[in-house]
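The values are calculated or read from the model by the stated rules, or taken from the named source; none is laboratory data. All of these numbers come straight from a predicted model, not from anything done at the bench. All Cβ positions, even for glycine, are placed from backbone atoms using ideal geometry, and neighbour counts span all protein chains on display. Only protein heavy atoms, including side chains, enter the accessible area calculation; ligands, DNA and RNA are left aside. Shrake-Rupley method; radii C 1.70, N 1.55, O 1.52, S 1.80 Å.
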Amino acid sequence: MQEKIVEFENISFSYGKNEVLDNINFYIEKGDFIGIIGPNGSAKSTLMKVMIGILKPDKGRVRLFNEDIKDFKDFTKVGYISQNVRDINPRFPATVEEIVESNLYSQLGFLKISNKNIKEKTYEVLRIVGMEEYKDTLIGKLSGGQKQRVFIARSLINNPEILFMDEPLVGIDIGSQKKLYSLMDKLNKDYNITLAMVSHDIGTIKNRANKIFILGNKKLYVHDSDKIKSEDLLKEIYNDDLKV
Amino acid sequence: MLDIFSYSFMQRSLIMGIIIAIIAPTIGLFLVLRRLSVIGDAISHVALAGAAFGLLLGIYPVYTAIGFSIIAVLGVEKLRKEYSEYAELSLSIVLSAGIGLASILISLGNTSGIFSYLFGSLALVTKKDIWVVSILGSFIIISVLFLYKGLFYLTFDEESARMAGVPVRKINTFFSILVALTIGISMRTVGVLLISSLMILPVATSLLISKSFKQALLYSNLFGIISVVLGLISSFYFDLAPGGTIVLTALLILIIVMVINKIKD
């Protein structure tokens, strides 16, 4: 059995009086590629934010790397690409390099200026995501898919063990989606990074992820992706007979 | 032509002006990128009430203006939480409070000196002004240097910055105080009504041509300094309020850069 990276024990979460997660239990093991699916408003993003401690659950216990999240400090092990990155000001005057470097905050401290080591590290992570040619380009000049690659690189600079991605493929053309999926495969298989990704694209995520988490009616159901058909997943989510 | 800087009051104005030309656009860059460019307007109106309060009680007006401004920025932060869906509403509330209070305080008694705080003044700059601006100005610059990486990260993407260990709330509060200090010390040269223009116009120009964040910061400062120096010189020769000449110079630079950019396209 692999090391458990995330563990939920009896987690419930509400926005005011509106409960959206009710007594959720699961774990994510090292090397997993988890696809999180569910209809709109099924608290997929909320689940992710509880996993990384941005939101605090009403009940239950979250463990990250076998440590209670309340005591967990080493967030360099955790990469998170939120939905908000899509709303970033397109005219923000920062280069790809400046953005990737900024995530070394905890290592850079207050005054330490970027040195040769950091430049090399930045180049290396940009090379992994295939964006090294764009290091001096303004972030606003990139396409949606390229931006996502930069944000993945920004997370990679801290050598994370797990990467959380909240709908990284929304608004991105099919060609770029394919490239992003192959990048995720590479990170998962070659770099042994555990992945958890929220997606609406059930057909594709089922083929890439090894486990599928389905959220609906405040509950979470876990499936091994090779043991369930896409049609059955759809039925379970939407209670519908749609064909994929 | 540079003879004008042999006058000691012009030397004082130039020193103060250059310090402000570095600070105001630096603080302004972060404000603009966080879509808070109007905050300068709101706070400066409260600073005006502070200056009037100082004149009324015979206290050094820059101190009272800074005190009022700090209360105002902290008030804005609180109100922004209260009206999270209407963030700009908090600025309008503070602006109204400031202008209301200022007009009452000005009408209360002998506040004839208030004019120089509205539009800035060259002749009335004292040695004390220089000392206060130099000390507080250095404090602001050093603080921004220390906070630079955190400020950059949270300005770009607050949620990820928090994850990366940036103390977002502390930096936000501290930065608000820096905004208040900047307005407080700039009012002597540029005047309350035009401070926010000096925080915004050089930044607006630099955003047209910057190819990185460091360039944006550098160009903002450069355009700020050019505006202040040319503005002070023309203020002296044409006997105009320095605040107006500085801001119009900054505007002229913005228009020139816009036109050059259009031609290039």
Taking K and R as +1 and D and E as -1, what net charge do the other residues with C-beta under 15 Å from the C-beta of residue A:27 add up to? -4
So which DSSP H runs in chain A come out at 20 Å plus along the axis (Cα) with average Kyte-Doolittle of at least -1.0? A:174-189
Efficiency by 1/(1 + (r/R0)^6): what FRET value for residue B:145 and residue A:115, r their Cβ-Cβ distance, R0 = 22 Å, to the nearest 0.05? 0.80
With +1 on the Cβ of every Lys and Arg and -1 on the Cβ of every Asp and Glu, the dipole magnitude of the protein assembly as shown about its Cα centre, in debye rounded to the nearest 20, is 560
Name the most mobile residue of B:16, B:163, B:187, meaning the one with the largest mean-square fluctuation, in a Gaussian network model of chain B with Cα contacts below 10 Å. B:163
Taking a probe of 1.4 Å, how large is the accessible area per residue of segment A:4-238, in Å²? 44
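Please report, in debye to the nearest 20, how large the charge dipole of chain A is about its Cα centre when each Lys and Arg carries +1 at its beta carbon and each Asp and Glu carries -1 there.
Dipole about the Cα centre, nearest 20: 340 debye.
What does the accessible area per residue of chain B come to in Å², with a 1.4 Å probe and no ligands, DNA or RNA counted?
Ligands and nucleic acids excluded, the result is 44 Å² per residue.
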Modelled label-to-label distance, residue A:201 and residue B:8, 7 Å Cα→beta-carbon offset: nm? 7.3
Student exercise: in segment B:1-262, how many lysine pairs 8 or more apart or on different chains have Cα atoms under 16 Å apart? 4
For residue A:59, list the lysines whose Cα falls under 16 Å from its own Cα; do not include residues on the same chain fewer than 8 positions away. A:17, A:49, A:70, A:218, A:219
What accessible area, summed over both chains, is buried at the A-B interface (1.4 Å probe, Å², nearest 100)? 2600
Compare A:124, A:98, A:19 in a GNM of chain A, Cα atoms joined below 10 Å, and give the one with the largest fluctuation. A:19
Measure off, as a whole percent, the carbon and sulfur share of the 1.4 Å-probe accessible area of segment B:191-265, all protein chains present. 74
Label residue B:138 and residue B:60 with points 7 Å out from Cα along Cα→Cβ: what is the distance between them in nm? 1.5
Please report the spacing between the Cα centers of segment A:1-16 and segment B:207-234 in Å, no decimals. 51
Compute the length gained on full extension between residue B:126 and residue B:263: take 0.36 nm times their separation in residues and subtract their Cα-Cα distance, giving the result in nm to one decimal. 44.8 nm
Minimum 30 Å² accessible area buried by the other protein chains, segment B:31-51 residues, probe 1.4 Å, relative to alone: B:33, B:35
Net charge within 13 Å of residue B:195 by Cβ-Cβ distance, Lys/Arg positive one each and Asp/Glu negative one each, not counting residue B:195 itself? 0
